[in-house]
Amino acid sequence: MSDQSTPVGAEHFRYIAAHTAGDDLFLADLKRAATAGGIPGIWVAPEQASLMQILLRLCRAREVVEVGTLAGYSAIAMARALPEGGRVRTIELDPQRADFAERWIARSDVAGRIEVMRGPAAEVLPRLDADSADAAFLDADKAGYPLYLAECLRIVRRGGLVLVDNAFAFGQLFDEHPTDREVAPMREFNERMPRETALQSVIVPLGDGLWVGVKR
Ligand code: SAH
Ligand code: DHB
Ligand code: MG
């Protein structure tokens, strides 16, 4: 830890959450319906969604690519930060999750601004044009991150935003014997990020740790 950092703990994160605008009724309903439908609650934290919206607004993003839709929570949050005519293209492998997300997106205030693309990200991303997005958010299988990052560095324009979830590996980053098999690939990805010369990036400790990068 650098001397300039205040040691933060659970108390600080509760404080941050309490001082950030949380979910509106629609997103709270979406989460309840997703949980009732057997979809795991692994969406981003509300305060993390808020930071993502701020960053999207700062870079005046119009086009966003997301890898990992789940129930559509982060896609809807990001779409809300886009101007009229903006679009989120979000990729989901699981057809039931894609169906759920499409139903809820259609009922949301950002219906028409989100396109769910079905299939494995490794097949969908190569179909997207170079320089066709202002921002990307990676939040799917962690073993795929190196490939998804390479693809997103092609798809996102210079000066664009690259966000990557789960730098803290589901809270198991420092576990000696992690139970989740995605911890190892997440750790490997974390080692690569600072050496990725095409990006300036830093881990922001909101939610499960969010990599925030800007394409040079
Ligand atoms: N971004 C969402 C959470 C995504 S959870 C939110 O914050 O609201 C990760 C999602 O990635 C899961 O729904 C999972 O089905 C999907 N996924 C896993 N592997 C994938 C792959 N290879 N291609 C596309 N999606 C994948
Ligand atoms: C899991 C995946 C995520 O992307 C996340 O943010 C939290 C948990 C998981 O697979 O358990
Ligand atoms: Mg995640």
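The values are calculated or read from the model by the stated rules, or taken from the named source; none is laboratory data. Remember, it's a predicted structure, so these values are computed and weren't measured experimentally. FYI the Cβ positions are ideal-geometry reconstructions off the backbone, even for glycines, and counts take in every protein chain you see. Note: accessible area is taken over every heavy atom of the protein model, side chains too, but ligands, DNA and RNA are not part of it. Shrake-Rupley method; radii C 1.70, N 1.55, O 1.52, S 1.80 Å.
Could you work out the pair-distance distribution P(r) of the range 1-108 from its alpha-carbon pairs, with 5 angstrom bin width and percents rounded to whole numbers?
The calculated distribution, bin by bin, is 2, 11, 20, 21, 19, 13, 8, 5, 2, 0.
Using a basic spin-label model with each label point 7 Å from the Cα along Cα→Cβ, how many nm lie between Arg62 and Asp131?
About 1.4 nm separates the two model spin labels.
Need one number: nm distance between label points at Thr179 and Asp23, each 7 Å from Cα along Cα→Cβ, rounded to one decimal.
Reported label-point gap for Thr179 and Asp23 is 2.3 nm.
Pop out the ³J(HN,Hα) list for the range 184-200 in order, Karplus 6.51 cos²θ - 1.76 cosθ + 1.60 with θ = phi - 60°, rounded to Hz; leave Gly and Pro as x.
Each residue of the range 184-200 in turn: 4, x, 5, 4, 4, 4, 4, 5, 6, 4, x, 9, 6, 5, 6, 10, 9 Hz.
Choose one answer from Asp99, Asp134, Asp24: the residue with the largest mean-square fluctuation in a GNM of the chain with alpha-carbon springs under 10 Å.
Asp24
Once amide H atoms are placed 1.01 Å from N in the peptide plane, what residues at a sequence separation of 5 or more from Ala136, or on another chain, have their amide H within under 5 Å of its amide H?
Answer set, sorted by chain and number: Val65, Leu161, Val162, Leu163.
If packing is taken as the average count of other Cβ atoms within 10 Å, what order do 137-146, 187-196, 12-21 fall into, highest mean first?
For the peptides 137-146, 187-196, 12-21, the packing ranking is 137-146, 187-196, 12-21.
The range 62-95: which GluC sites (Glu not before Pro) are DSSP loop and have at most 11 other beta-carbon atoms within 10 angstrom?
For GluC sites (Glu not before Pro) across the range 62-95 that sit outside H, G, I, E and B with at most 11 neighbouring Cβ atoms in 10 Å, the list reads Glu84.
Below 8 Å between Cα atoms, with a sequence gap of 6+, how large is the relative contact order for the chain in percent?
Computed value for the chain: 17 percent relative contact order.
Could you list which residues have their amide H under 5 Å from that of Val204, counting only those 5 or more apart in sequence or on another chain, with H placed in the peptide plane?
It is Leu210, Trp211, Val212, by chain and number.
Using only the Cα atoms of the range 160-204, what semi-axes does the equivalent ellipsoid have when each is the square root of 5 times a gyration tensor eigenvalue? Give whole Å, largest first.
22, 10, 8
Give me, ordered by chain and number, the residues 5 or more places off Val88 or on other chains with an amide H under 5 Å from its own placed amide H.
Val64, Ile114, Glu115
Which whole-number percent of Cα pairs in the range 10-215 have a distance greater than 32 Å?
10
Any idea of the accessible area per residue across the chain, 1.4 Å probe, to the nearest Å²?
Heavy-atom accessible area per residue stands at 51 Å².
When ranked by the protection proxy of mean other Cβ atoms within 10 Å per residue, highest first, what sequence do the peptides 39-47, 68-76, 149-157, 125-133 form?
68-76, 149-157, 39-47, 125-133
Add -39500 (n - 2.57) for each DSSP H run of 4 or more in the chain, then divide by its residues: what number comes out at 222 nm, to the nearest 500 deg cm²/dmol?
Rounded to the nearest 500, the figure is -10500 deg cm²/dmol.
Hey, what do the phi angles of the range 54-62 turn into as Karplus ³J(HN,Hα) couplings, whole Hz, using 6.51/-1.76/1.60 and θ = phi - 60°, x for Gly and Pro?
4, 5, 5, 5, 4, 8, 6, 5, 10
Using a 7 Å offset from the Cα along the Cα-to-Cβ direction at both Arg192 and Arg154, what is the distance between the two label points in nm, to one decimal?
Simple spin-label model gives 1.4 nm for this pair.
Can you pull the percent of the chain's accessible area that's carbon plus sulfur, 1.4 Å probe, other chains left in place?
Ligands and nucleic acids excluded, carbon and sulfur reach 53 percent.
Positive end of the dipole of the chain, charges at C-beta (+1 Lys, Arg; -1 Asp, Glu), about the Cα centre: which of Gly9, Gly160, Ala36 has its Cα farthest in that direction?
Gly160
Output wanted: per-residue J couplings in Hz (rounded whole) for the range 141-148, from phi through Karplus 6.51 cos²θ - 1.76 cosθ + 1.60, θ = phi - 60°, x for Gly and Pro.
4, 6, 5, x, 3, x, 5, 5
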